[in-house]
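Please read the structure below before turning to the comments.
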Amino acid sequence: MTTNSPAATDATAPTVKIDIWSDVACPWCYVGKRRLETALGRLAEAGDGPQVDIEYHSFELAPDTPVDFDGTEVDFLAGHKGMPRAQVEQMLGQMTQLAAAEGLSYDFDALQHTKTLTAHELLHHAKAHGKQVEMKERLLKAYFEEGRHVGRVQELADLAAEVGLDRAEAVAALEDGRYADDVQADIDQARAYGINGVPFFVVDGRYGVSGAQDPAVFVQVLQQAVAERDAA
């Protein structure tokens, strides 16, 4: 799927592939998405923005999470990481402020912690229908800002319909597990790359960027990728 950078409509501009490993339940992944978009916008405004082909890949930060976790995000992190509750609350407060600087309104009180494996299958289904980037945005917003449950098939199908996918087809795809192998292949590839945290960006198959870096870092990497392509 090809997704053009904002305002980058020059058909002669080079196309740069950006592969992104991330999890729906990863607050830094949403921030990283926004920062990448900011970088692409800056390049477009400067008149040298490349066309970009963005593909999201599956990664589960907490594969042992139940679909229906009985508790709050504070409960989960305190239990999963063994951190004092007060420290978790402070950390989530800081994350909320950091996200707000990117225009995101995190609501950890409303958040419904869940296993994300089925959501990753939905992202592969969306990719097959040219809607993966839109689906990724919708899932992240639903999870972090709206308190929606992104672990159940019927609720995921509702979100799929919101981005223009056929709801019944989404339900069928998630119930028969047709994308389970694709999700596992992504996870295996992450392991082969040595990725143990997300977001992780691979630009043009050559440059790895770990974490939700400042937009200036993405600008530099993208410019380098285009420059090396031109010099080849």
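The values are calculated or read from the model by the stated rules, or taken from the named source; none is laboratory data. Here the structure is a predicted model, which is why all the values come from computation and not from measurement. When we count neighbours, we look across all protein chains shown, and the Cβ atoms used for this are built from the backbone with ideal geometry, even at glycine. Heavy atoms of the whole protein, side chains included, go into the accessibility calculation; ligands, DNA and RNA do not. Shrake-Rupley method; radii C 1.70, N 1.55, O 1.52, S 1.80 Å.
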Given the condition at pLDDT 95 or above, open to solvent by 40 Å² or more (accessible area, probe 1.4 Å), part of a loop (DSSP other than H, G, I, E, B) and over 17 Å from LYS33 (Cβ atoms), answer yes or no: does some residue in the stretch 89-98 qualify? no
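State whether one or more residues within the stretch 151-169 are touching a Pro at 6+ places or on another chain (Cβ under 8 Å) and either modelled with pLDDT under 95 or of a type outside the set (Gly, Ala, Ser) (or both).
Going residue by residue through the stretch 151-169, those that are touching a Pro at 6+ places or on another chain (Cβ under 8 Å) are none.
No - not one qualifying residue is present in the stretch 151-169.
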Restricted to the stretch 79-88 and to residues being assigned to a helix (DSSP H, G or I) and small (Gly, Ala, Ser), the residue surrounded by the fewest Cβ atoms within 10 Å (Cβ to Cβ) is ALA86
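Please count how many residues of the stretch 33-78 are closer than 30 Å to ALA180 by Cβ and part of a helix (DSSP H, G or I).
Residues of the stretch 33-78 closer than 30 Å to ALA180 by Cβ: 33-34, 36-37, 52-73, 75-77.
In the following step, the residues that additionally are part of a helix (DSSP H, G or I) were identified as 33-34, 36-37, 73, 75-77.
Counting residues in the stretch 33-78 that are closer than 30 Å to ALA180 by Cβ and part of a helix (DSSP H, G or I) gives 8.
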Out of curiosity, is THR72 among the hydroxyl-bearing types (Ser, Thr, Tyr) and either open to solvent by 50 Å² or more (accessible area, probe 1.4 Å) or in contact with a Ser or Thr (Cβ under 6 Å, 6 or more places away or on another chain) (or both)? yes
Which number in (1) of a type in the set (A, V, I, L, M, F, W, C); (2) touching an Asp or Glu at 6+ places or on another chain (Cβ under 8 Å); (3) open to solvent by 10 Å² or more (accessible area, probe 1.4 Å) marks the one condition that PHE144 misses? (3)
Inter-residue pairs, beta-carbon under 6 Å, first under 16 Å from TYR30 (Cα atoms) and in the stretch 80-97, second assigned to a helix (DSSP H, G or I), 6+ apart: MET95/PRO27
Does VAL217 qualify as being surrounded by 20 or more Cβ atoms within 10 Å (Cβ to Cβ), in contact with a strand residue (DSSP E or B) (Cβ under 7 Å, 6 or more places away or on another chain), closer than 26 Å to GLU37 by Cα and at pLDDT 95 or above? no
Residue pairs within 8 Å by beta carbon, gap of at least six or interchain, first lying in the stretch 60-74 and over 24 Å from ASN196 (Cβ atoms), second of a type in the set (A, V, I, L, M), listed first then second, are THR72/LEU111; VAL74/VAL88; VAL74/LEU92
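Any idea which residue in the stretch 104-141 is most open to solvent (accessible area, probe 1.4 Å), counting only those that are of a type in the set (Ser, Thr, Tyr) and in contact with an Asp or Glu (Cβ under 9 Å, 6 or more places away or on another chain)?
Let us first name the residues in the stretch 104-141 that are of a type in the set (Ser, Thr, Tyr), namely 105-106, 114, 116, 118.
Then keep just the ones that are in contact with an Asp or Glu (Cβ under 9 Å, 6 or more places away or on another chain); that gives 105-106, 114, 116.
On the way: SER105: 79, TYR106: 19, THR114: 4, THR116: 5 Å².
Step by step, filter the stretch 104-141, then rank; the result is SER105.
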Residues satisfying the stated conditions in the stretch 78-97, i.e. within 20 Å of ALA142 (Cβ to Cβ) and not polar (S, T, N, Q): LEU92, MET95
Residues located in the stretch 159-199, provided they are charged (D, E, K, R), open to solvent by 60 Å² or more (accessible area, probe 1.4 Å) and assigned to a helix (DSSP H, G or I): GLU162, ARG167, GLU169, GLU175, ASP176, ASP181, ASP182, ASP188, ARG191
